[in-house]
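The values are calculated or read from the model by the stated rules, or taken from the named source; none is laboratory data. All values reported here derive from a predicted model rather than from experimental measurement. Backbone-built Cβ (ideal geometry, glycine too); neighbour counts: all protein chains shown. To get the accessible areas, we keep the full protein, side chains included, count just its heavy atoms, and leave off ligands, DNA and RNA. Shrake-Rupley method; radii C 1.70, N 1.55, O 1.52, S 1.80 Å.
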Amino acid sequence: MLSFLKIENIAIIESAEMEFSDGLNVLSGETGAGKSIIIDSISSVLGERTSRDLIRTGASKAKVTALFSNISKEVIGTMEELDMEPSEDGSLLITRTLQADGRNACKVNGSPVTATMLRQLGKQLISIHGQHDSQNLLNSEYHYRYLDILGDLDSVFNTYNKKYTEYLALYREFRNIQKNAEEAASRIDFLQFEIKEIEDAGIQVGEFEELQRKRDLYRNSEKVMNGLRKALSDLSDSEESRGAVSLLFDATGAMEPSAKYLPDMDKTLGQITEAAYTVQESVEVLKDALYNSNYDPKEQAEVEDRLALLQKLRSKYGPTEEDILEYLKKEKKELYQLEHRQETGAELEKQLEEKKGALLDSAKALHDARVKTAEEFENQVGEELRFLNMPNVVIKTSFTHCKLNATGSDIIEFLISTNPGEALKPLAKIASGGELSRIMLAIQNVLSSKGNVQTMIFDEIDTGVSGSEAERIAKKLHSVAEKNQVLCITHSAQVASYADAHMKISKEVQNGKTYTRVKKLDHKGRVEELARIIGGENITDLQRQSAEEMLTHAGS
């Protein structure tokens, strides 16, 4: 849920901090005090598109910070998919900074993210419903999800979606084989050329590195041989001088008498003797290395040519020998399919028919489950709307058969009639924003136990309703808030009286500038605010008494 919100330099809000609680959080205040700005700020921190015009006049940047606590497993899963790091304590800190030059920066738990990533995450955190922003409810492409959520149809949907994905992949493979003869012949020639080029090379895994080592040796062969000759010269005897091996053995002979009288010399004598024999063996190794290091220009040329060939193949088919051989394997498979496309195509066509049958069965199962759930959805939403004093509203679910796609075999759309005798129309064509908000409230109350978003915002859902209707809305909001956190901007005293937490939004002018203030109200403050909503600026004791009675009634 949304625990804390801080707004800096957004429109007339220089700085405001709000702490929200579980349940129903109400924000009230006079028109123009800045309530809609708070909604705009929340939208921006959820990654929605925003404008630098929101930045307070005279400020170089604006910033919105939102802290969420006890985030759901679904949110954590989305974060992991987007390579975001969840906090161990189940909290989530989001910041968005807007610059006057149009740039903006988004961060989740201190790490930078894109606005697109933030928007994807934000849709699972908060759902905003207002007269001009009913989000997914107005988007018929999302209506199937309401049914899937209500009917717990995710397993049925996932089964269908998996079969659809498998069928689509097989169909693309089948279509690829069914290319016309000219294209197939051209492709066959190309594949044969590449396959022959790779096979003629006789590539062995690891040979590129071994050839590089040999090339480096040949290129430095003179330096290597001169070093070996010098080392042998220093270690072996010559006509002019004795080598290190002879000198070491001379030293051991000279030390033997001393070792008889100096006990500590025994160990040293042994070390020198061992060194003499080790160096003597090394001389033989050096002789063998020098004998086998004869420089062969022809062999070097062969190594250089082989390296050039491998480098050419690596640039065309893959950076390693393993990649080239894997490429060869894929090309052989494609060549076989093209050369045997008739029999392969027939086999794939048979598989397609089998998968199509299973896919159609799965699509029908999903369709039937959604049709059954739609009846439940219509009945429950209708009951909720009757409670909200909209007894004449009729809501129906339209199923239009369409080509199979990733979501099923139907175009699903909610249709509604708000008055007797009126034809059913798409929700997007409803004129009254207040009606749309109450319909959204009814739907959310039906879905509230099905793991939907944890926080819902209703913007002036009570617009244009009477006192009794407003109280029904208030009761319904409070009912929704038992399972989900609810933020509600209202001008209704009835709705405000049911709040678990009540904040007053006000504005004042200082030194020619307008400032918005946010204050969390205690009981006395709530009485005064309800009395203001009831009667206006000049509050009477009778209005205060009425406000007190409303709070007592709502509390009971």
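Scanning region 218-236 for residues that are open to solvent by 60 Å² or more (accessible area, probe 1.4 Å), modelled with pLDDT of 75 or more and not polar (S, T, N, Q) returns Arg219, Lys223, Arg229, Lys230, Asp234.
Is region 309-319 home to any residue that is open to solvent by less than 80 Å² (accessible area, probe 1.4 Å) and over 18 Å from Gln212 (Cβ atoms)? Yes, some residue in region 309-319 is open to solvent by less than 80 Å² (accessible area, probe 1.4 Å) and over 18 Å from Gln212 (Cβ atoms). Does Ala289 qualify as being within 30 Å of Ile203 (Cα to Cα), of a type outside the set (S, T, N, Q) and either open to solvent by less than 60 Å² (accessible area, probe 1.4 Å) or in contact with a Phe, Trp or Tyr (Cβ under 9 Å, 6 or more places away or on another chain) (or both)? Yes.
Checking the structure you have, find out if any residue of region 452-473 is within 30 Å of His143 (Cβ to Cβ), open to solvent by 30 Å² or more (accessible area, probe 1.4 Å) and small (Gly, Ala, Ser). Looking for residues that are within 30 Å of His143 (Cβ to Cβ), open to solvent by 30 Å² or more (accessible area, probe 1.4 Å) and small (Gly, Ala, Ser), one finds at least one in region 452-473, hence yes.
Sub-8 Å Cβ pairs linking a first residue in region 354-377 that is over 21 Å from Thr165 (Cβ atoms) and open to solvent by less than 80 Å² (accessible area, probe 1.4 Å) to a second residue that is assigned to a helix (DSSP H, G or I) and of a type in the set (Ser, Thr, Tyr), at least 6 apart or interchain, are Phe377/Tyr146, ordered by first then second residue. Checking the stated criteria, Lys333 turns out to be closer than 21 Å to Phe193 by Cα, open to solvent by 70 Å² or more (accessible area, probe 1.4 Å) and of a type in the set (Lys, Arg).
Applying the condition of being without any contact (Cβ under 8 Å) to a residue 60 or more places away in the chain, open to solvent by less than 30 Å² (accessible area, probe 1.4 Å) and under 25 Å from Asn25 (Cα atoms) to region 39-61 and asking which residue is nearest to the chain's Cα centre (by Cα) yields Ser44. If the condition is being closer than 20 Å to Ile37 by Cβ and modelled with pLDDT under 90, then region 60-101 contributes only Ala100. Each residue in region 28-82 was checked for being among the charged types (D, E, K, R) and under 15 Å from Ala11 (Cβ atoms), and 7 pass. Only one entry of Pro319, Pro263 meets the criterion of being outside any helix (DSSP H, G or I), out of contact with any Asp or Glu (no Cβ under 6 Å at 6 or more places or on another chain) and either more than 30 Å from Ile177 (Cα to Cα) or of a type in the set (Phe, Trp, Tyr) (or both), and that entry is Pro263. Screening Ala244 against (1) over 19 Å from Ser315 (Cβ atoms); (2) open to solvent by 40 Å² or more (accessible area, probe 1.4 Å) leaves a single unmet condition, (2). If I filter region 378-403 down to residues being surrounded by fewer than 18 Cβ atoms within 10 Å (Cβ to Cβ) and of a type in the set (Asp, Glu), which single residue comes out as modelled with the lowest pLDDT? Only one residue tops the list, namely Glu383. Restricting attention to region 10-32, the residues that are open to solvent by 40 Å² or more (accessible area, probe 1.4 Å) and either small (Gly, Ala, Ser) or at positive phi (or both) total 2.
A residue that is of a type in the set (Ser, Thr, Tyr) and loosely packed, with under 14 Cβ neighbours inside 10 Å can be found somewhere in region 257-265. Taking helices (runs of 4 or more DSSP H) as the structural unit, those lying wholly within region 136-204 and holding at least 3 residues that are buried (at least 19 other Cβ atoms within 10 Å of the Cβ) correspond to 143-150, 154-177.
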